[in-house]
Amino acid sequence: MKYGFPFVFTVLLLIFACTDDIGIPPSEPQNPVLLKISQEGNKISVVRKYVMTHDLDIILGPCGGNNLVQLQRIAYIPNNSDSLANTNNQGPTYVSATDWVGPYWMSAINNGNGNSGFTGGWHAYNGDFTGSPTARTSNVTVYVDGKAIKNIKNTVCQEASVVVENFLQAGNTKEANGNGREVLKEIVTYHFRHDTMAVSVLSEALEDLNIEIYYGLQSCFGGRVRMFCADSVFTCLTDGYNGTMARASSAECTMGDGHQVLCFLDSIGLGAQNQYNKCKIDTNRQYCFTSPYGKTYFRLVGEVGLPMKKGETCYWSGGYIFKEEATNATQKSYTGISH
């Protein structure tokens, strides 16, 4: 699992690779879909056309008990014009209440303190949003049409990437006083192009550790969920969760107001990232499942843990497409997709 190229070079490659082979049917429009992006510190806003009467504003910013930069909120901006609305305009807003890129249940092999639990994501020392942080965002870089730019305002482009660098403690290295030992470096890349927010995560062990549970990609849209398996479609309601897991790599979540998100993993699952290949890990135990509190998860590590030596990495990629429920012929249908 060790890689030969410098870590930063690998990250730059991921910025451009995360939208290739993302596991969904190509939907290249005849004309480029324009985006409008703004950045103020660690808060980034990306606007695109959603439907004829509204634009969609996706806002990344500090979230949860760790203030990691993640999907903070989604705004639906009234706009009948062909031109994009400015970022941060008022409109109906969905505010995230939990993480979309998941935390880790992991343990350091050496010098643990006996604690345990999820760390990273929105999860602070007490396991929820309270207590001392278990992770931190050290750097955020925004790329607009391939160029790194700082503190931009309503800049129009065809694609944009937001690269977030995080450092995480383990369950058995976190401390109530906030001085827990960091054991994992995480690079999360959000790539915006057309109607897709592609996501990739590259994780590097800073010391020997074992990941016991890791979900990676998550969705916080409740309501009806359809999980797309290789030869079937599994439908369930998050408020009627019965413990069933589906071996699926994509799921369509529909809220009561008709807004949907299609969340997907690409074909590699969770694998090693190096200059030679991407190898699958634990693919027989990769499942999609829902919770009674309105979340959908993709379990990448579960029944069998993932041991990592210092310097080793693991990687996954996928993403989200936010859309209206397909109630007319102008909407694309994703029924029966397999990846």
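The values are calculated or read from the model by the stated rules, or taken from the named source; none is laboratory data. Bear in mind that the values here come from a model prediction, so they are computed numbers and not experimental data. So basically every Cβ, Gly included, is an ideal-geometry build from the backbone, and we count neighbours across all protein chains shown. These accessible areas exclude ligands, DNA and RNA; they are computed on the full protein's heavy atoms, side chains included. Shrake-Rupley method; radii C 1.70, N 1.55, O 1.52, S 1.80 Å.
Give me the percent relative contact order of region 121-209, please, defined on Cα pairs under 8 angstrom at least 6 residues apart.
Relative contact order for region 121-209 comes out at 23 percent.
Give the long-range amide H neighbours of GLN70: residues separated by 5 or more places, or on another chain, with amide H under 5 Å away, using H modelled in the peptide plane at 1.01 Å from N.
Amide H neighbours of GLN70: GLY61, CYS63.
Would you mind checking which residues have amide H under 5 Å from TYR125's amide H? H placed 1.01 Å from N; only 5 or more apart, or other chain.
SER132, THR134
Would you kindly find the accessible area of ASP99, with a 1.4 Å probe and non-protein molecules such as ligands, DNA and RNA excluded, rounding to the nearest 10 Å²?
0 Å²
Taking only C-alpha pairs under 8 Å that are 6+ residues apart, what is the relative contact order of region 58-142 in percent?
Once normalised by length, the contact order is 31 percent.
For region 111-141 and region 172-232, what is the centre-to-centre distance using only Cα atoms, to the nearest Å?
If we compute the Cα centre of each part, the gap is 13 Å.
Please name whichever of HIS54, GLY112, ALA75 sits farthest to the positive end of the charge dipole of region 39-160, dipole taken about the Cα centre and charges placed at Cβ: Lys and Arg +1, Asp and Glu -1.
GLY112
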